[in-house]
Amino acid sequence: MQKIVVDLGERSYPIFVGSGLLDKSHLIPMNISEGRVVIVTNTVVSPLYLEKVKSFFVDRSCSQVVLPDGESFKTLETVNVIYKFLLQGKYDRKTTLVALGGGVVGDITGFVAATYLRGIDFVQVPTTLLSQVDSSVGGKTGVNHQLGKNMIGAFYQPKCVIADISVLSTLSQRELKAGFAEVLKYGLINDLKFFDWLDSNSRELLGKEPECMAQVVKRSCEIKAEMVAKDEREIGTRALLNFGHTFGHAIESAMGFGNVLHGEAVAMGMVMAADLSLRIGWISQTEAFRVRQVLEKNFQLNIVPPEEVSVKQYLDLMASDKKTENNILRFILLRSIGFGEINSKISSDALRATLSAKNLLCMV
Ligand code: NAD
Ligand code: GLY
């Protein structure tokens, strides 16, 4: 078992990464205070892992809220269902919520924890690759609004994160690949060596080879923990973690939440951001081809944005992006592979060229 600490002073917390962690019944109880426990999960994950997690709490009150599955339920209505359960059960401030599921369950549960009785403890037990490498770490919690992705939320850190690689055995290949989009993001913005390693090990990773998976989750969490520790509330460099997300969130919103998976939209968005980087002369054509090769060929990600989304839709949706400052869009681009940088000076011509390109990452 590996332990990575997110260093945030008195709000610091451990991320445990390894195989079979859900067989270690002491791990969650020893990281939370005494009090009642409510596990929040969904209809897909509960038949798989709920009983196991419930068995950790035989000596205290433990109940569960089972949500419907999917991004389309990441809403204030679902938050309200959980508030009602907690209020009707008279759950007090010593209650701990356990988020058992992917990023949707984690984001919703974290937001409820941030706001119920002005804040109660919560723990993340991420069960998708995407949630293990990204959403369970760093304290971004929240829900979607009809008018935009993740528009309602709070920064609120969990007490610990338990990333058990074994639970990925039940994850579909489509969800696995979507998770690799966020993994590749870390290599692209922060770590060329990691990107090279991912490139060389894509076959083992798509086959969920346990040692490679543990390595992937550990390295991704290390990178994210370091970036969050430097800039918890995204005043500056944490924004790099949104590489591909400005375009990706627009795709998710335009296509209707849940129709394109978050990781799939991020993969397309990263290719669009890399295309923009190429257009302004930051990355070379050789690097651009490599980005395309690794995402499309090695990790079998669809990198072609949906034709249905018009340039106008992108521009409208991106205008409400959370990174916008004084109506100026800030893009996360690549100076080179392994080095992301924020750019607020993109010309409308370059942006429109990327948004309307038929063949991204190819200027020859
Ligand atoms: P998800 O939560 O919808 O999970 C994907 C699917 O896998 C769901 O159907 C889920 O029920 C199922 N599932 C979960 N664990 C499983 C398992 N072990 N075996 C079989 N099926 C399993 O999606 P996701 O990709 O985990 O997360 C995407 C969400 O995370 C988006 O809403 C995105 O905005 C959010 N996100 C948040 C952050 C953050 O920093 N908070 C970062 C990245 C993404
Ligand atoms: N997923 C982006 C962030 O956590 O900042």
Query raised in the report: Tally time: how many residues in region 239-257 are buried (at least 23 other Cβ atoms within 10 Å of the Cβ), more than 17 Å from Leu315 (Cβ to Cβ) and of a type in the set (Gly, Ala, Ser)?
Result: 1
Requested in this report: Within region 169-181, identify whether any single residue is farther than 24 Å from Gly244 by Cα and away from ligand 2 (no atom under 16 Å from the Cβ), and answer yes or no.
Outcome: yes
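Residues checked against (1) in contact (Cβ under 8 Å) with a residue 24 or more places away in the chain; (2) of a type outside the set (A, V, I, L, M); (3) in contact with a Ser or Thr (Cβ under 7 Å, 6 or more places away or on another chain):
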{"residue": "Val65", "(1), (2), (3)": "yes, no, no"}
{"residue": "Tyr83", "(1), (2), (3)": "yes, yes, no"}
{"residue": "Leu97", "(1), (2), (3)": "yes, no, yes"}
{"residue": "Val112", "(1), (2), (3)": "yes, no, no"}
{"residue": "Tyr116", "(1), (2), (3)": "yes, yes, no"}
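Quick one: in region 304-319, of everything that is in contact (Cβ under 8 Å) with a residue 12 or more places away in the chain and surrounded by fewer than 21 Cβ atoms within 10 Å (Cβ to Cβ), which residue is nearest to Gly187 (Cα to Cα)?
In the first step, residues of region 304-319 are kept if they are in contact (Cβ under 8 Å) with a residue 12 or more places away in the chain; the result is 304-306, 308-309, 311, 313-315, 317-318.
If we keep only those that are surrounded by fewer than 21 Cβ atoms within 10 Å (Cβ to Cβ) too, we end up with 304, 306, 308-309, 311, 313, 315, 318.
Details: Val304: 21, Pro306: 25, Glu308: 30, Val309: 28, Val311: 29, Gln313: 30, Leu315: 28, Met318: 24 Å.
In this case the residue turns out to be Val304.
Would you check which residues across region 314-343 are part of a loop (DSSP other than H, G, I, E, B) and closer than 25 Å to Val183 by Cα and list them?
Looking only at region 314-343, we keep the residues that are part of a loop (DSSP other than H, G, I, E, B), and these are 320-324, 326-327, 329-330, 337-338.
Of everything in region 314-343, those that are part of a loop (DSSP other than H, G, I, E, B) and closer than 25 Å to Val183 by Cα turn out to be Asp321, Lys322, Lys323, Thr324, Leu329, Arg330, Ile337, Gly338.
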Requested in this report: Looking only at region 82-91, decide whether some residue is touching a helix residue (DSSP H, G or I) at 6+ places or on another chain (Cβ under 9 Å) and farther than 20 Å from Gly153 by Cα.
Outcome: yes
**Report entry** Count of residues meeting criterion [touching a strand residue (DSSP E or B) at 6+ places or on another chain (Cβ under 8 Å), in a loop (DSSP other than H, G, I, E, B) and under 27 Å from Cys212 (Cα atoms)] in region 13-43
**Finding:** 4
Query - Failed criterion for Leu240 (all others in (1) part of a helix (DSSP H, G or I); (2) in contact with a helix residue (DSSP H, G or I) (Cβ under 9 Å, 6 or more places away or on another chain); (3) more than 16 Å from ligand 2 (Cβ to nearest atom) hold) - result: (3)
**Report entry** Where Ile152 falls short, out of the listed (1) more than 20 Å from Phe16 (Cα to Cα); (2) out of contact with any His (no Cβ under 6 Å at 6 or more places or on another chain); (3) surrounded by fewer than 22 Cβ atoms within 10 Å (Cβ to Cβ)
**Finding:** (2)
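With respect to Ala254, determine if the residue is among the hydrophobic types (A, V, I, L, M, F, W, C), over 14 Å from the mean Cα position of the chain (by Cα) and away from ligand 1 (no atom under 12 Å from the Cβ). Don't jump to the end; show me each part of the working.
Numbers: among the hydrophobic types (A, V, I, L, M, F, W, C): yes; over 14 Å from the mean Cα position of the chain (by Cα): yes; away from ligand 1 (no atom under 12 Å from the Cβ): yes.
Spelling it out, Ala254 is indeed among the hydrophobic types (A, V, I, L, M, F, W, C), over 14 Å from the mean Cα position of the chain (by Cα) and away from ligand 1 (no atom under 12 Å from the Cβ).
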**Report entry** Lys140 being within 21 Å of Glu232 (Cα to Cα), in contact with a helix residue (DSSP H, G or I) (Cβ under 8 Å, 6 or more places away or on another chain) and modelled with pLDDT under 95
**Finding:** no
Query raised in the report: Pairs, please: C-beta under 6 Å, at least 6 apart or cross-chain, first residue of a type outside the set (Asp, Glu) and in region 343-364, second in a loop (DSSP other than H, G, I, E, B)?
Result: Ser344/Arg330; Ala350/Ile280
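Can you list the strands (runs of 3 or more DSSP E) lying wholly within region 102-188 that have 3 or more residues being within 11 Å of ligand 1 (Cβ to nearest atom)? So that I can check it myself, show each step before the final result.
Values: elements: 121-126, 140-145, 148-155, 161-164.
Strands (runs of 3 or more DSSP E) meeting the threshold: 121-126, 140-145, 148-155.
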Query raised in the report: Would you say Val291 is buried (at least 17 other Cβ atoms within 10 Å of the Cβ) and either in contact (Cβ under 8 Å) with a residue 24 or more places away in the chain or outside any helix (DSSP H, G or I) (or both)?
Result: yes
Query raised in the report: When the residues of region 320-364 are filtered to those that are in contact with a strand residue (DSSP E or B) (Cβ under 8 Å, 6 or more places away or on another chain) and polar (S, T, N, Q), which remaining residue is surrounded by the most Cβ atoms within 10 Å (Cβ to Cβ)?
Result: Asn343
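The values are calculated or read from the model by the stated rules, or taken from the named source; none is laboratory data. Only a predicted model underlies this, so the values are computations on that prediction, with no experimental measurement involved. Counting neighbours? That spans all protein chains shown, and the Cβs are built from the backbone with ideal geometry, glycine included.
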